[in-house]
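Below is one structure, written out as structure tokens; comments come after it.
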Amino acid sequence: MFRNPSQGWISILLLTICWLPFSGLARADWATAMFPVKNHDFGDVAVASKSEYRFAVRNETNRAVHISSVRTSCGCTTATVETSYIEPGQVGSILAKFNTDTHRGKKGATITVVFDQPGYAEVRLRVDGYIRKDLVFSPGAVEFGKVPTGQESIKTIRMSYAGREDWQVVDVQSRLPWLTAKASLENRSGGNATYLVSVRLDPGAPVGTFQDELIVVTNDRTRPRMPLLVSGELESELVVSPHSLALGEVKPGEVIEKRLVVRGKTPFLIESIRVKGWEVDYDAPTEMKTAHVLPIRLTANGDAVGQFSGRLIVTTGGGLSTSSSSTVTAIVRGK
């Protein structure tokens, strides 16, 4: 039976055309799945307020990924790639900054994140918000910076309003039990009012970094709630860096070398370094110092096969008997 050769080429062409869209979709799916959150609403924000949001990028694949660029559809938002290379098991981030100092009114932007490894893909994120022209925070956020554990700290910002003569701040709400705030009227003249917002960090605040929002509640009938960004870091007596160690893909018995820096407020010795399911080898220092730089060698013992995330615990002695930790992530392959 005679068969026209061109029919074979037509079939191949049709298959190729049908395959391409699904292939592109598949390539985009792995990148899209890395973003647990793709939309953020800043809500109503004041002029000059620090309005930022970090979109987490979770690499749960078995290959490293690379973010080559990021762009926004509106000058009201600036986007920054905070982690360009993300290893398996690691979490990176895209920082979206709402430009409240140069824009007013209802604004929104699409953020396009471009990947070029392990393949090309684009993911679109979205931010929206309303920048009030009648309200100004100075400075734009409450930033405690580094605070020693167990120490009280108080920060104050000024909140200026221009509008109704009967406008008032009625409350300042916090979701954190160790962070409290109150507002007091500093000055009022006609429709202009200035409030001082004092924020207190309790001595019982937990060790580590924090970033959250206070909610300033007013008697405004249409937009009564305003977010106020607050951040800081409670320093431990002992600090281990880096905060996380990404080991990538490893096999049981394979030795991975990393470097730790351990700092304390007083001179100390290293008593132990341990990770459950791993052997940790290091040369223990014999001299007490306030900082130790330690090359360490980690070997998976085979008990933690698959995706691994655990704590590396450093215990000290000498003049400072305490412990601190870092996070270890890896993909442990079977033998």
Legend entry - Positions within the stretch 247-280 being of a type in the set (Asp, Glu), farther than 15 Å from residue 322 by Cβ and in contact (Cβ under 8 Å) with a residue 24 or more places away in the chain, in sequence order: 249, 254, 257
Inset, instruction - Go over the candidates 173, 151 one by one and state the one that is more than 30 Å from residue 64 (Cβ to Cβ), out of contact with any Lys or Arg (no Cβ under 9 Å at 6 or more places or on another chain) and not small (Gly, Ala, Ser). - result: 151
Legend entry - Number of positions in the stretch 138-159 that are at pLDDT below 95 and among the hydrophobic types (A, V, I, L, M, F, W, C): 1
Legend entry - Hits in the stretch 31-69 - residues which are assigned to a loop (DSSP other than H, G, I, E, B), farther than 26 Å from residue 308 by Cα and among the aromatic types (Phe, Trp, Tyr): none
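Do we find that residue 165 is among the charged types (D, E, K, R) and part of a strand (DSSP E or B) in this structure? Please lay out each step first, then the result.
Working: among the charged types (D, E, K, R): yes; part of a strand (DSSP E or B): no.
Here the answer is no, as residue 165 does not meet what is asked.
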Inset, instruction - Of the conditions (1) crowded, with 18+ Cβ neighbours inside 10 Å; (2) closer than 30 Å to residue 65 by Cβ, residue 279 clears all except one; give me its number. - result: (1)
Legend entry - Test: residue 334 is modelled with pLDDT under 85, outside any strand (DSSP E or B) and surrounded by fewer than 16 Cβ atoms within 10 Å (Cβ to Cβ): yes
Inset, instruction - Give the residues of the stretch 179-218 that are assigned to a loop (DSSP other than H, G, I, E, B) and under 21 Å from the mean Cα position of the chain (by Cα), sorted by residue number. - result: 205, 206, 207
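Take the stretch 96-122 and flag every residue that is assigned to a loop (DSSP other than H, G, I, E, B) and either among the polar types (S, T, N, Q) or within 22 Å of the chain's Cα centre (by Cα) (or both).
Start the filter on the stretch 96-122 by keeping residues that are assigned to a loop (DSSP other than H, G, I, E, B), which leaves 99-104, 118-120.
Answer for the stretch 96-122, where residues must be assigned to a loop (DSSP other than H, G, I, E, B) and either among the polar types (S, T, N, Q) or within 22 Å of the chain's Cα centre (by Cα) (or both): 99, 100, 102.
The values are calculated or read from the model by the stated rules, or taken from the named source; none is laboratory data. Quick caveat, the model's predicted, so the values are computed rather than measured. Counting neighbours? That spans all protein chains shown, and the Cβs are built from the backbone with ideal geometry, glycine included.
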